[in-house]
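No lab work stands behind these numbers, since they all come straight from the coordinates. Just so we're clear, the structure is a prediction, and the values are computed from it rather than from any experiment. Note that we place each Cβ from the backbone using ideal geometry, even for glycine, and neighbour counts take in every protein chain shown.
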Amino acid sequence: MNEFIENIGLVLLVTLGLPELFTWLLTITNRRTNANLIARFGINSQVYCGFLGIMIHELSHLVIALLFRHRISSFRLVKLPHLKAKNGDEPDLALGYVYHVWNHRSPYQLIGNFFIGMAPIFGCTAVLLVLDQLLAPGLAKAIFELADTPTAPNWAASWQALTTTHVSWWQLLLLLVLTITIVVGGLELSSADYQNQAIGLYSMIALLIVVTTIFTLLGITGWIHHLVMAGLTIAMILSYSLIVSLLIMLGTNLFTRRHR
């Protein structure tokens, strides 16, 4: 019985708990950052500073919506918002959008709503990991070293990989700039994203519990280790994304106050 509870708890923590926690924290900090940018430089500044992240954010929604066979009615990967109403319409503050419709009688498409809502977090994380491997391979290797042994992290090997792999200054600078544009523009979920998640959340939880229970009964538990490795990798990337996000928020806070 304890094994069932432990496996189910671990799976729910890795697949739902940690991603949702980081998403919430990143959304709070990035909303504050964007508010500071708007107050100091105008509403379009959030697009200029986070255009790459916005595009990855919307593209992630689009790809996952197509994967779960939702019908795409229209989409734009990035756009400038406007405060003034046009032709009597409400102000359009969206920085991009993916409008999709789905079959309410299809369990597959129902659960898909959860993944569509969460897609930007995993999409931006995947892009950041690829950038790490291309521009700072030591950082990527350090992350993998820790993720390989989640129950007993190899800190020495991780630190060695981080400090002994040569990387040029321009690579680090480019990685920092790209990371900022992705974090500011991509790692923030809108109210619509959270609503999308909520549609498929309970079905997703039920599915995870059922699948984990069945595999535990069959004695197939090796996949949980690989799931934890993947979850830890994502958590580490989101951790340094959160640090970057907090620094940007604090910087824009100071900058905004000094120019009041």
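Placing pseudo-labels 7 Å out from each Cα toward the beta carbon at Ser239 and Arg257 gives an inter-label distance of 2.9 nm. Length available on full extension from Leu67 to Thr165: 0.36 nm per residue minus the Cα-Cα distance, which gives 31.5 nm. Any idea what diffusion coefficient the chain gets from Stokes-Einstein, in µm²/s, Kirkwood Rh on alpha carbon pairs, 10 °C, 1.306 mPa s? Once the numbers are plugged in, D ends up at 79 µm²/s. The packing ranking of peptides 53-66, 104-117, 70-83, highest mean first, is 53-66, 104-117, 70-83, where packing means the average number of other beta carbon atoms within 10 angstrom of each residue.
Working from label points 7 Å from Cα in the Cα-to-Cβ sense, the Glu20 to Ala126 distance is 2.3 nm. So what's the net charge close to Thr164: Lys and Arg +1, Asp and Glu -1, counting the other residues with Cβ under 14 Å from its Cβ? Taking every other residue near Thr164 into account, the sum is 0. Counting charges near Cys49 (Lys, Arg +1; Asp, Glu -1) among other residues having Cβ under 13 Å from its Cβ returns a value of 0.
Counted by Cβ distance under 12 Å from Phe114, the other residues give a net charge of -2, where Lys and Arg count +1 and Asp and Glu count -1. Between Leu172 and Leu134, the simple spin-label model (points 7 angstrom out along Cα→Cβ) gives 2.0 nm.
Residues in the stretch 192-213, backbone N under 20 Å from the label point at Trp223 (7 Å along the Cα-to-beta-carbon vector): list them, ranges by number please. 201-213, by backbone N distance to the label point.
Between Ala198 and Ala152, full extension at 0.36 nm per residue minus the direct alpha carbon distance yields a gain of 13.1 nm. Scanning the chain for long hydrophobic helices, with DSSP H runs required to stretch 20 angstrom or more by C-alpha along their axis and to average at least -1.0 on the Kyte-Doolittle scale, returns 18-41, 45-67, 107-135, 169-186, 191-217, 222-258.
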